[in-house]
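**Q** The structure is given below, and queries will be raised subsequently.
The values are calculated or read from the model by the stated rules, or taken from the named source; none is laboratory data. These numbers were taken from a predicted model, which means no experiment stands behind them. No Cβ is skipped: glycine too gets one built from the backbone with ideal geometry, and neighbour counts run over all protein chains shown.
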Amino acid sequence: MPPEARSQAEQSRRFLYLYALAAAGGAVAYVPFLTLLLPLRVTAMEGSDTVGVLAYIAFAGAISASLANIFFGWASDRTRNRRIWIAAGLALSCLLLVSVSRTGNPAELLALIVVWQIGLNMMLAPLAAWAGDCVPDGQKGRLGGLLACAPALGALSGAVITLPGVAEPDARLLIVAVIVALMVAPVLLFGRPRPMPHLMEAPEIQMPLNASILPRIDRTVARMWFARLLVQIAEAALFAYLLVWFATIDPTFGDNQTATVFTVVLALSIPAAMLAGKWSDRTDRPIVPLAWGAGVGAAGLVMMGLADGLVPAIAGYVVFGLATSVFLALHTSQTLRFLPRPATRGRDLGLFNLTNTVPSLIMPWLTLALVPVFGFDALFLVLAALAALAMLLLITLTRKI
């Protein structure tokens with residue numbers, strides 16, 4: 001392809017980088033809060049059962065996030081304006097995040113988290129769909145590599161704001177809100193993506209009479225959906241309870257050390273995801289890195305289940321976290337390849353987003369059923385089986401992998 005034609009067929013690097021920065025801002029909006037600041041807030045409330053309260057908050061928050069993501073994805077489809085919804089959600093979610101410091105009991109905190117999830121997904125749903133409007137298939141692997149920066153920066157923000165002496169608990173929430181605004185606003189103001197009319201046109205496979213193609217697409221989408229769901233169940237469990245698990249192994253291993261482990265693992269995942277994404281673009285084999293990510297993640301969970309000390313526990317989490325971070329980053333971008341209806345892209349991504357939120361409905365009860373009786377070891381081995389099943393779903397896809 002001539003360089004001029006290739007340039008016209010590709011999205012600008014400026015938009016890709018600013019979009020990745022905004023996606024990272026979305027991660028900063030919830031990663032340090034849900035993994036560190038929220039558990040610390042619950043722990044500080046007198047007479048509260050930390051594990052139980054976190055389970056109920058995760059359950060209620062996941063329901064509101066699921067419904068809000070579908071609704072605002074649909075709303076941005078209907079209005080054909082992603083930016084206005086992203087901006088409104090940014091403002092609302094930041095305001096509500098700062099308001100968490102005013103809650104005085106678990107019930108108030110739970111209610112505020114439900115509303116905060118609505119505001120957050122008002123921003124996240126159209127932001128995800130915007131990538132489908134602007135990034136062609138040949139750059140989706142590269143986009144996935146850039147999206148690996150999002151959880152890494154989310155974890156880094158948690159590590160920084162929990163450093164001793166950096167900020168008081170209430171000030172941490174304000175700092176997070178300011179950082180999020182500074183990361184998301186640039187793509188709204190300066191992104192200016194190149195128009196991609198072909199990404200907004202329904203392909204021929206949408207014709208009902210094309211029965212030979214539609215079943216293959218449905219099967220691929222279903223396997224992609226279930227594979228991510230299974231991996232996300234494991235990810236959600238570690239997301240919510242990693243701090244608690246490390247504390248059961250070594251009580252001196254605190255919030256800042258846990259945030260540092262998060263940051264190191266996710267930082268390592270960035271070059272890994274970029275290399276895997278570039279390889280998948282070049283070879284047009286988007287499923288292979290996903291299958292490997294699920295399989296290696298299962299191995300990491302087995303290591304965690306068999307760990308008998310802090311060092312092997314951290315080593316197991318490093319393997320799990322690195323593999324699944326690459327999996328999730330590339331899966332996010334490659335999902336856009338398999339959802340071909342531009343007119344309902346936001347809504348369909350909202351339905352696909354259930355793989356991110358439904359695990360939060362399953363994970364608390366799975367954890368409560370296993371951990372009190374059998375310990376975290378049993379939980380990790382069950383999660384390893386789920387990740388292994390995800391690998392099988394992907395590796396047996398009929399699409400070339």
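**Q** Select from segment 58-96 the residues that are of a type in the set (Val, Ile, Thr) and more than 17 Å from residue 29 (Cβ to Cβ) and write down the one among them that is modelled with the lowest pLDDT.
**A** It comes out as 63.
**Q** Being in a helix (DSSP H, G or I) and aliphatic (A, V, I, L, M): is that true of residue 120 here?
**A** So residue 120 fits the description; yes.
**Q** Continuing with this model, one more query. With the requirement that a residue be surrounded by 13 or more Cβ atoms within 10 Å (Cβ to Cβ) and not in a helix (DSSP H, G or I), what does segment 167-183 give you?
**A** 167
**Q** Please tell me if residue 158 is buried (at least 17 other Cβ atoms within 10 Å of the Cβ), modelled with pLDDT under 85 and either more than 23 Å from residue 293 (Cα to Cα) or charged (D, E, K, R) (or both).
**A** yes
**Q** Now for a separate question. Tell me whether segment 343-355 contains one or more residues that are more than 23 Å from residue 81 (Cα to Cα) and not small (Gly, Ala, Ser).
**A** Yes.
**Q** Any residue in segment 229-245 that is farther than 29 Å from residue 365 by Cβ and either out of contact with any Asp or Glu (no Cβ under 9 Å at 6 or more places or on another chain) or aromatic (Phe, Trp, Tyr) (or both)?
**A** no
Yes/no matrix, rows are residues, columns are (1) outside any helix (DSSP H, G or I); (2) modelled with pLDDT under 90; (3) buried (at least 22 other Cβ atoms within 10 Å of the Cβ); (4) not acidic (Asp, Glu):
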{"site": "252", "(1), (2), (3), (4)": "yes, yes, no, yes"}
{"site": "260", "(1), (2), (3), (4)": "no, yes, no, yes"}
{"site": "264", "(1), (2), (3), (4)": "no, yes, no, yes"}
{"site": "267", "(1), (2), (3), (4)": "no, yes, no, yes"}
{"site": "273", "(1), (2), (3), (4)": "no, no, yes, yes"}
{"site": "276", "(1), (2), (3), (4)": "no, no, yes, yes"}
{"site": "285", "(1), (2), (3), (4)": "yes, yes, no, yes"}
{"site": "291", "(1), (2), (3), (4)": "no, no, no, yes"}
{"site": "297", "(1), (2), (3), (4)": "no, no, yes, yes"}
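**Q** Same structure again: Out of segment 21-38, which residues are more than 13 Å from the chain's Cα centre (by Cα) and over 16 Å from residue 260 (Cβ atoms)?
**A** The answer is 21, 22, 33, 38.
**Q** Any chance you could count how many residues in segment 299-334 are assigned to a loop (DSSP other than H, G, I, E, B) and not charged (D, E, K, R)?
**A** 2
**Q** Look at segment 353-370 and say how many of its residues are hydrophobic (A, V, I, L, M, F, W, C) and surrounded by 24 or more Cβ atoms within 10 Å (Cβ to Cβ).
**A** So the answer is 1.
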